[in-house]
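Read through the structure below, which is laid out as structure tokens, and then see the notes.
The values are calculated or read from the model by the stated rules, or taken from the named source; none is laboratory data. These numbers come from a predicted model, not from an experiment. Note: ideal-geometry Cβ built from the backbone for every residue, glycine included; neighbour counts use all protein chains shown.
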Amino acid sequence: MSITTTDTTFFDPIEQLLQQLTERVDAVVDPIAEESYLLDRHEEFTTSRLAQAIVNATRNEPITAPGLALEVHAEEFRPTDERKTGADIYISVVRRDLDISKSKGLLVQAKRRTSLLRNEESRRLGNQSKRMYRRSHESYVWIYERDEIVCAKAPRSSRPTLTRITNPMSVGELIADGLRCNLGDEDIGRDASAPLFDGISDVMQRLSVPRGLDFTVRSD
């Protein structure tokens with residue numbers, strides 16, 4: 001599921017940075033998905049581990065390209081209104097390197113493939129997806145497979161099976177495409193003029209999403 005870099009983009013700094021981001025994120029999350037499958041871990045625990053592992057991997061070895069740098073931040077708290085949006089994680093993507101800064105958000109619900117075999121959990125995902133879509137059409141599901149995570153648009157069906165996924169992505173590809181401004185919803189983007197903690201926490205509390213990941217590209 002890796003992005004293929006062509007000659008026309010190889011020397012484009014933003015594409016260099018996003019290629020590194022894609023590879024780094026997928027190298028981190030896929031082994032955690034495999035471990036979670038083997039140990040039969042719950043999605044919530046796995047999702048929290050994934051978020052922190054992504055932050056650690058990008059801070060221990062910063063991702064940069066000529067004139068650009070990437071900053072990654074994670075937040076987690078107990079929502080006051082139990083999952084009113086239906087999402088497990090809020091992803092913030094911000095471009096400060098542009099003439100006019102852009103800030104967008106994506107909503108994600110995480111599910112283990114094995115849990116979706118149960119009718120009850122499949123119906124639950126359908127209800128969660130409907131709640132996410134009411135807030136934003138930029139809603140996605142992370143499916144924890146045996147040895148990887150597959151990302152897809154949140155299903156519209158009340159009892160989705162997700163056996164055939166159109167245009168699947170990896171976690172790294174989803175985030176990178178958000179930073180390309182191809183994905184994401186400006187209406188749920190954080191206030192890029194506010195301090196990072198205030199901006200992302202405000203959106204998380206407003207949407208009642210328990211986990212948040214922020215990816216900001218800035219000029220260096």
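Annotations
- Any hit, region 71-87, residues being among the aliphatic types (A, V, I, L, M) and loosely packed, with under 14 Cβ neighbours inside 10 Å: no
- Taking (1) touching a Lys or Arg at 6+ places or on another chain (Cβ under 6 Å); (2) at pLDDT 90 or above; (3) assigned to a helix (DSSP H, G or I) in turn, V217 satisfies each apart from (3).
- Count of region 117-146 residues, restricted to those that are farther than 26 Å from R206 by Cβ and in contact with a Pro (Cβ under 8 Å, 6 or more places away or on another chain), is 1.
- In this structure, D30 does not qualify as of a type outside the set (A, V, I, L, M), closer than 30 Å to G126 by Cβ and without any contact (Cβ under 8 Å) to a residue 40 or more places away in the chain.
- Taking region 129-154 as the range and being of a type in the set (D, E) and under 19 Å from G178 (Cα atoms) as the test, only E138 passes.
- Some residue of region 39-56 being under 18 Å from I175 (Cα atoms) and more than 15 Å from the chain's Cα centre (by Cα): yes
- Residue that is within 20 Å of R95 (Cβ to Cβ) and in contact with a helix residue (DSSP H, G or I) (Cβ under 9 Å, 6 or more places away or on another chain), where the choices are L125, L183: L183
- Any hit, region 49-66, residues being over 19 Å from D214 (Cα atoms) and touching a strand residue (DSSP E or B) at 6+ places or on another chain (Cβ under 7 Å): no
- Candidate set: region 4-42, residues that are crowded, with 19+ Cβ neighbours inside 10 Å and either modelled with pLDDT under 85 or of a type in the set (G, A, S) (or both); chosen: the one nearest to V108 (Cα to Cα): A33
- Filtered residues of region 33-48 (kept if hydrophobic (A, V, I, L, M, F, W, C) and either touching a strand residue (DSSP E or B) at 6+ places or on another chain (Cβ under 7 Å) or touching a residue at least 24 places away in the same chain (Cβ under 8 Å) (or both)): A33
Yes/no per residue for (1) at pLDDT below 90; (2) touching a strand residue (DSSP E or B) at 6+ places or on another chain (Cβ under 6 Å); (3) of a type in the set (S, T, Y); (4) more than 21 Å from S208 (Cβ to Cβ):
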{"position": "E76", "(1), (2), (3), (4)": "no, yes, no, no"}
{"position": "T80", "(1), (2), (3), (4)": "yes, no, yes, no"}
{"position": "R95", "(1), (2), (3), (4)": "no, yes, no, yes"}
{"position": "L98", "(1), (2), (3), (4)": "no, no, no, yes"}
{"position": "W142", "(1), (2), (3), (4)": "no, yes, no, no"}
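- For first residues located in region 112-123 and under 20 Å from E148 (Cα atoms) and aliphatic (A, V, I, L, M), partners that are assigned to a loop (DSSP other than H, G, I, E, B) and at pLDDT below 80 and lie 6+ apart or on another chain with Cβ distances below 8 Å form the pairs L116/P160; L116/T161; L116/L162.
- Just one of (1) small (G, A, S); (2) touching a Leu at 6+ places or on another chain (Cβ under 7 Å); (3) at negative phi fails for G184. It is (3).
- Flag for T46 being surrounded by 16 or more Cβ atoms within 10 Å (Cβ to Cβ), modelled with pLDDT of 85 or more, hydroxyl-bearing (S, T, Y) and over 27 Å from R96 (Cα atoms): yes
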